[in-house]
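K.L.:
Here it is, the structure, as structure tokens.
Every number in this text was worked out from the coordinates using simple rules, so none of it is lab data. Since the structure is predicted, the reported quantities are computational estimates derived from the model, not experimental observations. Cβ atoms come from the backbone with ideal geometry, glycine included; neighbour counts cover every protein chain shown.
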């Protein structure tokens, strides 16, 4: 799913993103050269861990996933659980 569609889906479910949060999402995606799937996963993990969107936390999650050559949502979930990085 494209990140734009994923964000619209979340907004439809009641999540609220400030304008600067949307900018951070696309900045992080471009900065790390992450796929839509990984970007969406980093958003999901950020919301689950922080209960709100935290731009710096999101970029850190995305960088960690990219550094560890994580390519899919399934790999990302497995990675954060194995490393006890987030309580999800």
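K.L.:
Within segment 6-25, how many residues are exposed (fewer than 14 other Cβ atoms within 10 Å of the Cβ) and under 16 Å from residue 57 (Cα atoms)?
P.N.:
Going through segment 6-25 one residue at a time, the tally reaches 3.
Matching residues to (1) surrounded by fewer than 18 Cβ atoms within 10 Å (Cβ to Cβ); (2) in contact with a helix residue (DSSP H, G or I) (Cβ under 7 Å, 6 or more places away or on another chain); (3) assigned to a helix (DSSP H, G or I):
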site	(1), (2), (3)
34	no, yes, no
39	no, yes, yes
52	yes, no, no
62	no, yes, yes
65	no, yes, yes
69	yes, no, no
80	no, yes, yes
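K.L.:
I would also like to ask the following. Which ones in segment 1-17 are free of Cβ contacts under 8 Å to residues at least 24 places away in the same chain and farther than 17 Å from residue 45 by Cβ? Please lay out each step first, then the result.
P.N.:
Narrowing segment 1-17 to residues free of Cβ contacts under 8 Å to residues at least 24 places away in the same chain: 4-5, 8-9, 11-14, 16.
4, 5, 8, 11, 12, 14, 16 - these are the residues of segment 1-17 that are free of Cβ contacts under 8 Å to residues at least 24 places away in the same chain and farther than 17 Å from residue 45 by Cβ.
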